[in-house]
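This report refers to the structure that appears directly beneath it.
Read-outs: derived from the displayed coordinates by stated rules, not from any lab. As the structure is a prediction and not an experimental result, all values here were calculated from the model. Positions of Cβ are backbone-derived with ideal geometry, glycine not excepted, and every protein chain shown enters the neighbour counts.
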Amino acid sequence: MERSQLSAVVLELLEKETGETYPVVEESTTLREGLNLDSLDMAGLVLHIESHFGIQIETELLDGIHSVGDLLDVLQSKLAAKTVRRAA
């Protein structure tokens, strides 16, 4: 999945989780300050993402996610690993 498509899906899941509309979200936008997500919002968003993509994001990885770009990096990595496992 291309990064722009992935970003659109994450934005959709984010809006579903928070009930907010985010007209412009850039990769440099921080999740906590830029999008005003608290720990419950983050937990809900991660659950939506895991369910939607059929992946698991480990707690250790969550500690390094501060911006939308960080989240997209983790998702791309997880989805690539999932594709490799499926092909093997």
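Of the residues that make up the stretch 13-26, is at least one among the hydroxyl-bearing types (Ser, Thr, Tyr), within 21 Å of Glu60 (Cα to Cα) and either surrounded by 13 or more Cβ atoms within 10 Å (Cβ to Cβ) or in contact (Cβ under 8 Å) with a residue 12 or more places away in the chain (or both)? Within the stretch 13-26 (the criterion being among the hydroxyl-bearing types (Ser, Thr, Tyr), within 21 Å of Glu60 (Cα to Cα) and either surrounded by 13 or more Cβ atoms within 10 Å (Cβ to Cβ) or in contact (Cβ under 8 Å) with a residue 12 or more places away in the chain (or both)), the answer is no, since none of the residues qualifies. Figure legend. Inter-residue proximity from the stretch 39-58: first residues hydroxyl-bearing (Ser, Thr, Tyr), second residues not in a loop (DSSP other than H, G, I, E, B), beta-carbon distance below 7 Å, spacing 6+ or different chains. No pairs are indicated. Quick check on Glu60: is it exposed (fewer than 13 other Cβ atoms within 10 Å of the Cβ) and over 19 Å from Glu2 (Cβ atoms)? When the stated conditions are applied, Glu60 passes them.
Here is the figure for the stretch 59-87: residues that are of a type in the set (A, V, I, L, M, F, W, C) and in contact (Cβ under 8 Å) with a residue 12 or more places away in the chain total 9.
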